[in-house]
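The values are calculated or read from the model by the stated rules, or taken from the named source; none is laboratory data. Note that the coordinates shown come from a computational prediction; the quantities given were computed from them, not determined experimentally. Positions of Cβ are backbone-derived with ideal geometry, glycine not excepted, and every protein chain shown enters the neighbour counts. Each accessible area value is taken on the protein alone, full model and side chains, heavy atoms only, with ligands, DNA and RNA left out. Shrake-Rupley method; radii C 1.70, N 1.55, O 1.52, S 1.80 Å.
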Amino acid sequence: MANLWDTLIGHDSRREMLRHAIAKGRLAHTFLFVGPPGIGKRMLAHAVAQSLLCERHSAADLDACGQCSGCKQVAAGTHPDLFQIGLPAGKQSLPIELFLGPEERRGKEGLCYELSLKPMAGGRKIAIIDDADSLNEASANSLLKTLEEPPPHSLLILVGTTPDAQLPTIRSRCQKLQFAPLTSEQVIEILIRDGIADDRSQAEAVAALCDGSVQTASELLDPQVRSLREAVYNLLAADGRQRYELAGQVVEALEEGSDTSEQRKLAGWAIRFAIEFYRGTIWQLGNDGGAATADSPSSIVLPPPQVTRFTAKFPNRSLDDLDLVGELLERVFQADSHLQRNMSPKLCIEGLFDELTRIERSRRTPATAGSAPR
Ligand SMILES: [Zn+2]
C-alpha cells in the first residue's frame, strides 16, 4: 500500500490540525509527537512526510498520491530528503553519531548536517527521530542549534511517549502534539487487518486489555507473555507451598529472557498482570463477587477463574478485606517504581512475591475473623 494514509487508522483530529496549519502557512519546524507506544504516531509522521514530498498533491492537501516517485521513495524509506533515525539494536540511548556524524567526520554527517542541506528532490528536508525518549544529554545538546534555528526548508519530528522524557531545552523548542490511545474498535480493526490476531474473538479479548495500543495487543498475543499471565494469576490465587513453587516458576520464566532488557520487559508484564489481578479482586469484592458485566472495568471483562477463587477467600467482604487487597495492590505499584528505577528484574519480582505473601499472612489471619460484614 503506497499511500501511507491508507494504512493509518485513527488520529483524524491530529491530521486535521496539521493540515490546517499547512494551509495557513503556519506549520512549525519542530514537533514533538507524544502518546503511548504502539498507537501510530510514527506512522502519522511518515504519512505527513509523504504528503509534503508528494510530487502531485500540494502540501496544503496533506494527502499523498501514493504513485509518484516521491511517494514511492518515502514508502520504501529511500527518499533523499527524508532522514529517519531510531534506537539502534542493543543500545539504551540515541548515540550522538546519529546527529553529528562519527568522530572523524563530526559536523559533516548525521541528521543535523542532512537537515542543513538544500532539498534534493522536494521542497523540504524532513527528519523523523523515533524513540526520542532515549535521547541522552549529549545527543539532545547536539540538536539544540538545529532546533533553535531550524533551516527554512526543514521539518523535524521527534516521536516519544511523554514530554517529561525530554530535557526542558528540547521540550521548549518543539510544538507538542499529544496523541490519544486508539479505541478498542480501532485496535480490533488493525489486529484483524494485519493478521496479528487469528480471529475477531481473539482480537476483542486482547483489545480489552491493551489500553488502546496495538503494540501492547501484539505482545499480549505472544505465547511467552500469555503463559506468564497465567502463571502470575495462578500464583496470586494460590496458598502455602504451592504458592512458593509457582513463584519459583514465574522467576524462572523471567530468566528465560535473553538479556536484562528482555527480563525487565517480562518483569513489567508480571507486575502489570498482578495489578490487573488485584483490581479485578477489588471490583468483585465491591460487587458481591458477581460475574463481570459489560459495565465492568475493561481489564476484567473476562473474569479469570483465579480472581474468583481469590475473592472467595473473603467471604465477609468486609472493609478490612478491601483494605488488605488495596495494600497488596499498593505493594505491586511500589515494585513497578522499583523496576523503573532500574532495580534488577529478578530481585524486584522475588521481593514482590515474598512481600505479598507476608502481607496476606499478617493481615488475614487476625483481621478477617473479627471484622464486620459490609
Ligand atoms: Zn505522490
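Work out, in µm²/s and without decimals, the Stokes-Einstein translational diffusion coefficient of segment 132-194 at 20 °C, 1.002 mPa s, Rh from Kirkwood over C-alpha pairs. Intermediate results must be reported in sequence, preceding the final value.
Details: Rh = 13.9 Å.
My calculation gives 154 µm²/s for D.
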Using the structure shown, select from K176/K265; K24/K91; K145/K346; K72/K176; K41/K72; K72/K118 the pairs with a Cα to Cα distance greater than 31 angstrom.
K24/K91; K145/K346
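Can you tell me the mean projection area, over all orientations, of the convex hull of segment 1-110's alpha carbons? Units nm², please.
Working: hull surface 33.3 nm².
That works out to 8.3 nm², a quarter of the Cα hull's surface.
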So, taking all protein chains as they sit and a 1.4 Å probe, how much accessible area belongs to R171, in Å² rounded to tens?
90 Å²
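Given a Förster distance of 51 angstrom, what is the FRET efficiency for N136 paired with A23, based on the Cβ-Cβ distance and rounded to 0.05? Write out the running numbers ahead of the final one.
Numbers: r = 37 Å, r/R0 = 0.73.
About 0.85, to the nearest 0.05.
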With the alpha-carbon atoms as the only input, what is the per residue convex hull volume for the chain in Å³?
155 Å³
Given C-alpha coordinates of segment 4-62, what is the ratio Rg to Rh with the Kirkwood estimate of Rh?
0.94
Note down the accessible area of T216, probe 1.4 Å, to the nearest 10 Å².
30 Å²
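So for segment 97-182, considering every pair of alpha-carbon atoms, how many percent are separated by more than 19 Å?
Numbers: 1428 of 3655 pairs.
Result: 39 percent of Cα pairs exceed 19 Å.
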Within segment 196-217: backbone nitrogen closer than 19 Å to the L8 label point (7 Å, Cα to C-beta):
213-215
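Enter the accessible area per residue of segment 1-135 (Å², integer; probe 1.4 Å; all protein chains in place). Intermediate results must be reported in sequence, preceding the final value.
Values: 6320 Å² over 135 residues.
Using a 1.4 Å probe on heavy atoms only, each residue of segment 1-135 averages 47 Å².
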Quick one: if the Förster radius is 22 Å, what FRET efficiency do R171 and Q215 give, using the C-beta to C-beta distance and rounding to 0.05?
0.40
Loop-located GluC sites (Glu not before Pro) in segment 73-127, at most 16 other Cβ atoms within 10 Å (DSSP)
E109
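So if we plug the beta-carbon distance of Q178 and S362 into 1/(1 + (r/R0)^6) with R0 = 51 Å, what FRET efficiency do we get, rounded to 0.05?
Values: r = 43 Å, r/R0 = 0.85.
E(calc), rounded to 0.05, equals 0.75.
Using a probe of 1.4 angstrom, how much of the accessible area of the chain is carbon and sulfur, in percent? Don't skip to the end; give the middle numbers.
Working: 8930 of 18080 Å².
After summing per-atom areas, the C and S share lands at 49 percent.
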